Amino acid sequence: MNRTKVYFIAATLLMMIVIIFYYLSAMEKTSSIKLGELDLSETEFDSKGVIELNGEWEFYWNQLLAPTDFIYNKQRNYHYAYVPGNWLQDLEGNTYPDKGYATYRATIKNIPKTKYFGLKKGNIRNSSKIYVNGELILKDGNVSKDLAGSVAGNNSEVVYFEIEDSTAEIIIQVANHEYIVGGIAKPIIFGTQEELMQQNNDKIMFEFAMILIVVIIGIFYLLLFLASNDYRKKEPVTLPLALSSLSFGVMNGIYSERIIMKLFPDITLDLTFRFGHFMNALSVIMVVIVVNKVSAAILPSKIRNYIISFFGLFLVFVLTLPLEIYLNTLSFYMFSAVGIFFSIWLRTIILYVKNNSTWMNDIEHATLIVVTFCTFLFWFDMTLYSIGLKVDLLVSFLTIPVYSIALAALLIVRYTNSYKKNEELSIQLLEAFSSLDQTTKEVQRNELAFLQAQIAPHFLFNALSSIISLCYTNGEKAAKLLMNLSDYLRRSFDIDLKTDMVTIENELKLIEAYIEIEKARFGRRIQVVYDIDPEVLPVQISPLIIEPLVENAIRHGVLKNKHGGKVKLTIRKRHQAVFLSIEDNGKGMDIEQIKAIQNEEMNDLISSQGNGISLMNVYMRLKNRYDVKLNFDTTGSGTKVHCTIPIQERYDKEEDHD
């Protein structure tokens, strides 16, 4: 394991320790209210101006009590419950159902003589009324003893009022008939108007800034996906990154301070819940797609499909079932999300430690660890908050911008690495180009070797140049073209012209490789028509007889025309011979060149820099081996080169043996 990995793993462990201590501290219960009373003179309220009313509130289960119910000091059955938190258990160990209604009561003493005060209600699940000194100051939803009369209204609100006395009695009626569990989920904050307003504005601005970062990244990558076809094809993570960031942004806008509801106050809580939970499931689906697209080794496609189906079912619940019914499945799905992303994060780390990163480099892998950890931590924090074990979503709001930024950085790293690989490939091709240039000079000094190779240097130079260009625009096509060139070179060089025989089928494969390379350069200017008798495919002939003729027809025939042309290759079996014809509709051949070929005047062909060297080579080998002449029929509208090659005994014997 290299030093960088050691440092990264050490930093990860240190971060885990810090997070554990944070959660232990965040979940620790601190009380300013004792047995239903708070004495502000014993706190730092004078200097801070705000205080969270955390602690031991009087708790009246299954009772909706108004201020008048406490005027005559009538003895009522109550216990003490800790606020903030769910109402599943009071401080004496008594347990209560998740659905129902109750009243909370606390008294604040020794209030300073400041006239204007305020109270901030966070999330009270799921409807509430708040009284201060007998006056109804805030109503959120409709508090009812049953579901039929209940209207959910779980919004974050601040209300300001006057207090003339030094004592304030706070009574909160709470009803929950829909959500996972009822109770006062977030601290009730009491403070002077000025300080409370400042604190509330700071909180809203913080959450808005976190949401804005995520949404901007999401919109940027969505526009990039829509605008750039090239980037869309090269980076499949772009769309799921955009959608996951937008989903997280919208989701966080619905929770905590509910910024979206401040922007659109007419939206009902039922619609808000459904929209938020829809985004919940959608974000899970998008993130698993992201991880799978980045590395199928970490999250195989089969498992990805299972997760998508699982949370897709929850999407159906959200869209079709009543709120109070589908919310019963919410905890299960949230715990599932925590388990899924913890498993993905853990697997990512294990593969990183094992150095099993052949599919990505260490920087990409480390960035993916950050991405998966942020997703796990988001759902862990969100789940603790939803079940009432944590009173804020600070970590959730912090992790999502980190997720989006880290994933955006991962895409940048992937794109940079891809660009570097293309650069390296280009350098290698340029080196091959330079080496080939030196080799060509050697070939020119050895005429026979050059004729055997049958490869025009400028063809290779042009092919390599095309591949280099495609590396920056179409890597897949460049790879295919490079494979065709490799196949062409292998079939051209790996033969011994003096002894070997090749089947016509293999010669055709060489021709097809050459034509694919030329088509990549010249596109529709080249059209090739094959008229091949299947019976000739296993026939063996001397190598590099047909290919140079096809190459000559393309290079010096159809490509001489501005719009290209057509080459027809005909190979038919005639008795114990093979008839071979290559016909093009180019501008025809020079009669003097044809005479030089037929008279075997090599020097004249080389000095003329025409198209006759390869034809001369074929002409001489046909004559020497088969005692066959290569015939030329040419006009101003094309050339036809043809001959008849006898099938030798070697092929006949192999056919009889079979």
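The values are calculated or read from the model by the stated rules, or taken from the named source; none is laboratory data. Computed from a prediction, not measured in an experiment: that's the story for all the values here. Heads up, the Cβs are rebuilt from the backbone with ideal geometry, glycines too, and the neighbour counts pull from every protein chain shown. For accessibility, only protein heavy atoms count, side chains too; no ligands or nucleic acids. Shrake-Rupley method; radii C 1.70, N 1.55, O 1.52, S 1.80 Å.
Points worth noting:
- Long-range neighbours under 6 Å by Cβ, at least six apart or interchain, first residue under 11 Å from ALA281 (Cα atoms) and surrounded by 13 or more Cβ atoms within 10 Å (Cβ to Cβ) within region 295-323, second at pLDDT 90 or above and small (Gly, Ala, Ser): PHE311/ALA281; PHE314/ALA281; LEU315/ALA281
- Residue in region 210-222 that is in contact (Cβ under 8 Å) with a residue 40 or more places away in the chain, under 30 Å from GLY118 (Cβ atoms), open to solvent by 50 Å² or more (accessible area, probe 1.4 Å) and not small (Gly, Ala, Ser) present: yes
- Residues satisfying the stated conditions in region 122-164, i.e. over 16 Å from ILE254 (Cα atoms), of a type outside the set (Gly, Ala, Ser), in contact (Cβ under 8 Å) with a residue 24 or more places away in the chain and open to solvent by less than 40 Å² (accessible area, probe 1.4 Å): ILE130, TYR131, VAL132, ILE137, VAL143, VAL159, PHE161, ILE163
- Look at (1) open to solvent by 10 Å² or more (accessible area, probe 1.4 Å); (2) touching a residue at least 60 places away in the same chain (Cβ under 8 Å); (3) in contact with a Ser or Thr (Cβ under 6 Å, 6 or more places away or on another chain) and you find that ILE369 fails only one, number (1).
- Residue within region 230-239 that is open to solvent by less than 10 Å² (accessible area, probe 1.4 Å), part of a helix (DSSP H, G or I), within 24 Å of HIS365 (Cα to Cα) and in contact (Cβ under 8 Å) with a residue 12 or more places away in the chain present: yes
- Filter pass, LEU351 being buried (at least 18 other Cβ atoms within 10 Å of the Cβ), touching a residue at least 60 places away in the same chain (Cβ under 8 Å) and more than 19 Å from the chain's Cα centre (by Cα): no
Conditions (1) more than 27 Å from LEU321 (Cα to Cα); (2) modelled with pLDDT of 85 or more, marked per residue:
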| site | (1), (2) |
| --- | --- |
| TYR231 | yes, no |
| LEU241 | yes, yes |
| PHE248 | no, yes |
| ASN252 | no, yes |
| PHE273 | no, no |
| ILE285 | no, yes |
| ALA296 | yes, yes |
| LEU299 | yes, yes |
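- Scanning region 240-258 for residues that are open to solvent by less than 30 Å² (accessible area, probe 1.4 Å) and part of a helix (DSSP H, G or I) yields PRO240, LEU241, ALA242, SER244, SER245, SER247, PHE248, GLY249, MET251, ASN252, GLY253, ILE254.
- Residue list for region 56-92, filter: in contact with a Phe, Trp or Tyr (Cβ under 7 Å, 6 or more places away or on another chain), part of a strand (DSSP E or B) and in contact (Cβ under 8 Å) with a residue 24 or more places away in the chain: GLU56, TRP57, GLU58, PHE59, TYR60, TRP61, TYR80, ALA81, VAL83
- Considering residues of region 553-564 that are in a helix (DSSP H, G or I) and either of a type in the set (Asp, Glu) or crowded, with 23+ Cβ neighbours inside 10 Å (or both) only, the residue nearest to the chain's Cα centre (by Cα): ILE554
- In region 39-68, the residues that are open to solvent by less than 20 Å² (accessible area, probe 1.4 Å) and of a type in the set (Phe, Trp, Tyr): PHE45, TRP57, PHE59, TYR60
- A residue that is of a type in the set (Ser, Thr, Tyr), open to solvent by 30 Å² or more (accessible area, probe 1.4 Å) and either modelled with pLDDT of 90 or more or more than 29 Å from SER486 (Cα to Cα) (or both) occurs somewhere in region 604-612.
- Within region 250-260, being among the aliphatic types (A, V, I, L, M) and closer than 15 Å to MET205 by Cα holds for ILE254, ILE259, ILE260.
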